Each structure stands twice: as structure tokens, then as C-alpha cells.
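The values are calculated or read from the model by the stated rules, or taken from the named source; none is laboratory data. Everything numeric in this text was worked out from a predicted model, so none of it was measured. Cβ placement follows ideal geometry from the backbone for every residue including glycine, while neighbour counts extend to all protein chains displayed.
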């Protein structure tokens, strides 16, 4: 299932929503593509969706939930990727690939 919060996150002069899947990243990427969201909008475990795309996401079937619910759903599905863990994994990967 796909979920998003209401556009409330300001950045670059716009309001943004977060779009997640509680099934898989593959489902999330497929939905984002159907929505017309660029891959650069993917941030660790969610897509940042501008407010003008919010009604389209709902029309395509995403359920609107509070922001805290998004985090709960991601954790429950084992798909949460907190920033600090992603950074640590990337740092470790750089160390392994350094000649």
C-alpha cells in the first residue's frame, strides 16, 4: 500500500509531502514513476512529492496519513532507513572500496 502525508514541509519555495510504501521500494518506485516523480525525489526510504502532485497521488490510490504514521508504517515493514544509518553504511562502503 502507498501512503503520504499532507504537504506541510517547506523547501525551495514550495510545500512537500512524503510518499512511502509499506510493501517494498519496488512498489514505491513504480508508483512514483506513474505519478511523474523524478528518481532524484527519492530520499532513503521515501519520495518528496510537491504539493501540486498531492491530489494526483491520492487519485492514483495513495492513502493520506499523519507524518508520524508514515514512520510507524516504514518501521513496521522493515523499510525505514534513518539518515544516520545510511551515512554510516556509505562511509563503510567507501572505506572498503578505497585502493
| task | Considering every residue within the stretch 42-57, establish whether at least one is assigned to a helix (DSSP H, G or I), at pLDDT 95 or above, exposed (fewer than 14 other Cβ atoms within 10 Å of the Cβ) and touching a strand residue (DSSP E or B) at 6+ places or on another chain (Cβ under 9 Å). | result | yes
| query | When residues of the stretch 4-13 are filtered for being over 12 Å from residue 57 (Cβ atoms) and either in contact with a helix residue (DSSP H, G or I) (Cβ under 9 Å, 6 or more places away or on another chain) or modelled with pLDDT of 95 or more (or both), how many remain? | reply | 4
| said: If residue 16 satisfies all but one of (1) in contact with a helix residue (DSSP H, G or I) (Cβ under 8 Å, 6 or more places away or on another chain); (2) buried (at least 20 other Cβ atoms within 10 Å of the Cβ); (3) within 13 Å of residue 62 (Cα to Cα), what's the number of the condition it fails? | reply: (3)
| query | Here are 71, 86: which of them is at pLDDT below 75 and surrounded by 10 or more Cβ atoms within 10 Å (Cβ to Cβ)? | reply | 86
